[in-house]
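Colleague: To start, I am sharing the structure in question, which I have written as structure tokens.
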Amino acid sequence: MTTFTQSTAQALYFLPESVNPTLPYSIGFWVKGGSIEGSQTLSLEETWTIKQGVYLFLKAVPEGNDAIDLSVLSDRIGEFMITPSVRNTRFLWIDNPEELVSRWRFHALTLSPTDTVERLTFFNFRNYELAIASGVICQLNATKDGFVFAPDPSLHNLPSTGTE
């Protein structure tokens with residue numbers, strides 16, 4: 001089961017298996033307004049129900065000698081989230097989270113309250129680029145351990161993908 005563990009900054013939870021002190025990357029979840037009372041761990045399914053939460057993909061580690069200051073990071077995410085153009089961010093990749101928000105190199109995927117991608121979004125990952133179209137629905141996969149992005153059949157005319 002995919003489970004996030006609360007950090008020293010109450011609003012931040014991290015996926016323990018994503019934290020590797022030798023590689024400066026981690027996966028986390030930030031809760032607007034602080035922690036979920038009585039929850040030191042949250043499953044992926046539980047985080048998905050928290051609509052004021054953001055999934056984080058950070059080029060930083062939350063523990064060890066080179067750890068980022070988690071209280072500062074949490075405050076900066078809160079500052080970032082009040083920006084109107086990214087207010088509905090649900091997934092956030094930050095390449096330099098130790099910098100001031102105004103200097104962040106980031107990719108933000110914004111979802112509407114119905115979990116629909118709000119606008120065409122491009123992600124550049126070195127030699128690869130990923131595009132997620134506006135109107136695509138994001139949901140948990142069947143095993144509740146990952147995400148699926150699928151077009152809404154009412155908006156797209158795609159051939160059947162069912163098995164025969």
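The values are calculated or read from the model by the stated rules, or taken from the named source; none is laboratory data. Only a predicted model underlies this, so the values are computations on that prediction, with no experimental measurement involved. Virtual Cβ from ideal backbone geometry, glycine too; neighbours counted across all protein chains shown.
Colleague: Could you look through region 40-66, keep only residues that are part of a loop (DSSP other than H, G, I, E, B) and among the β-branched types (Val, Ile, Thr), and pick out the one that is nearest to ILE94 (Cα to Cα)? Spell out the reasoning first.
Modeller: Initial filter on region 40-66 (part of a loop (DSSP other than H, G, I, E, B)): 40, 49-52, 59-66.
When the remaining residues are screened for being among the β-branched types (Val, Ile, Thr), the result is 49-50, 61.
Working: THR49: 23, ILE50: 21, VAL61: 12 Å.
Here the residue is VAL61.
Here is a yes/no grid of residues against (1) at pLDDT 95 or above; (2) surrounded by 14 or more Cβ atoms within 10 Å (Cβ to Cβ); (3) in contact with a Phe, Trp or Tyr (Cβ under 9 Å, 6 or more places away or on another chain):
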| site | (1), (2), (3) |
| --- | --- |
| GLU63 | no, yes, yes |
| HIS107 | no, yes, yes |
| LEU130 | no, no, yes |
| ALA150 | no, no, no |
| GLY162 | no, no, no |
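Colleague: Criterion first (part of a loop (DSSP other than H, G, I, E, B) and either within 30 Å of SER134 (Cβ to Cβ) or in contact with a Cys (Cβ under 7 Å, 6 or more places away or on another chain) (or both)) does GLU37 satisfy it?
Modeller: no
Colleague: How about region 65-105: which of its residues are surrounded by 13 or more Cβ atoms within 10 Å (Cβ to Cβ), among the β-branched types (Val, Ile, Thr) and within 26 Å of ARG119 (Cβ to Cβ)?
Modeller: Scanning region 65-105 gives ILE77, VAL86, THR89, ILE94, VAL101.
Colleague: Taking the criterion of being surrounded by 19 or more Cβ atoms within 10 Å (Cβ to Cβ) and either touching a residue at least 60 places away in the same chain (Cβ under 8 Å) or not polar (S, T, N, Q) (or both), would at least one residue in region 33-41 satisfy it?
Modeller: No; the residues of region 33-41 include none that is surrounded by 19 or more Cβ atoms within 10 Å (Cβ to Cβ) and either touching a residue at least 60 places away in the same chain (Cβ under 8 Å) or not polar (S, T, N, Q) (or both).
Colleague: Further, regarding this structure: Can you tell me how many residues within region 109-128 are under 17 Å from TYR25 (Cβ atoms) and either surrounded by 13 or more Cβ atoms within 10 Å (Cβ to Cβ) or within 14 Å of the chain's Cα centre (by Cα) (or both)?
Modeller: Total satisfying the criteria: 1.
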